[in-house]
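This is the structure I want to talk about, given as structure tokens.
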Amino acid sequence: HPGGDRAAIHAVIPRRSRFIRKAPGRAAEEQIVAANVNTVLLVSAVSEEFNVRRIERYVTMARESGAEPVIVLNKSDLADSSDTIDELRDEIVRAAPGVAVLVVSAKSGAALDEVGAYLMPGRTIALVGSSGVGKSTIINSLAGEGLQATREVRIRDGKGRHTTTHRELLMLSGGGVVIDTPGLRELHIWESAEAIESAFEDVETLAAQCRFNDCRHGAEPGCAVRSAVDAGDLDSLRFESYLRLRGESEALRQRRTEAVWKAKGKERAIHRSMRKVTKKRT
């Protein structure tokens with residue numbers, strides 16, 4: 001109640017969106033990273049961490065979540081030149097067509113107002129990315145105070161170290177809500193068939209032109225996708241990323257189906273045992 005130190009949950013509102021990954025390990029279980037998010041800021045950095053294939057994976061998962069994906073390329077102050085920034089930005093645009101790309105420096109404050117534009121009253125954003133890309137520093141800069149602890153990356157290899165160790169929801173003075181998440185070292189997709197189609201719309205458009213409807217884009221004759229790769233019209237690495245994500249999605253779907261049947265088998269075995277016990281008592 002107002003002014004008190006106790007609260008009661010009166011209702012649980014259905015989730016509007018949820019950013020999911022497969023839980024680490026072999027089990028086919030989901031792990032929700034953030035929920036009820038309007039915008040997911042997919043943070044990368046101008047450093048050794050930068051990996052355009054990882055960005056494709058992030059975009060696929062963000063599209064699956066139902067939230068708006070926005071790519072934030074942080075630490076622009078570390079770039080050798082503006083040409084380096086332009087090259088990285090072009091790579092991102094090719095890998096994530098139609099997704100907004102913000103180039104910022106949380107340390108110097110450069111272009112952070114573009115990120116702040118997504119922080120409006122009544123809206124929630126989540127920052128997702130690897131360790132050391134500057135998620136917590138971005139939050140501190142936007143808040144104007146040290147809400148989150150930060151650490152320098154390792155000097156010997158430029159890799160990040162976990163600072164945020166748990167998900168945390170933060171209320172900012174302007175009315176926006178930010179969810180800070182730990183660095184994700186293992187990032188496997190969950191239910192992403194439609195999300196893959198959306199994130200790789202250019203590949204799917206080509207696939208629609210293949211001779212066979214069930215073309216696997218391997219050695220089949222009349223494969224428009226392979227033809228585009230051979231002609232240089234489709235980046236071969238992007239195509240490989242598409243195949244890898246689609247393969248993961250199909251393998252995970254198979255494992256989940258097997259888990260369901262296994263669970264049903266155990267349930268039937270329990271019911272049979274219970275019936276046997278009941279018969280003996282009667």
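Can you tell me which aspartates and glutamates have their Cα less than 16 Å from the Cα of K262? Leave out same-chain residues fewer than eight positions away.
Filter leaves E29.
Still on this model: Under 18 Å Cα-Cα from K135, which aspartates and glutamates qualify once same-chain neighbours fewer than 8 residues away are excluded?
Result set, ordered by chain and number: E48, E49, E68, D77, D113, E114, E145, E152, E168, D180, E186.
Taking every Cα atom in the range 11-143, find the radius of gyration and the maximum pairwise distance Dmax, and write them in Å.
Gyration radius and largest Cα-Cα distance of the range 11-143: 15.1, 53 Å.
Taking amide H positions as placed in the peptide plane 1.01 Å from N, state which residues far from A106 in sequence (5 or more) or on other chains have amide H under 5 Å from it.
Hits under the 5 Å cutoff: K75, S76.
Sequence-distant or interchain residues sharing an amide H contact under 5 Å with E30, placed H: which?
Placed amide hydrogens put A23 under 5 Å from E30.
Any read-out appearing in this document is the output of simple, stated calculations on the displayed coordinates, not a laboratory observation. Owing to the predicted nature of the structure, the values given are computational and were not obtained by experimental measurement.
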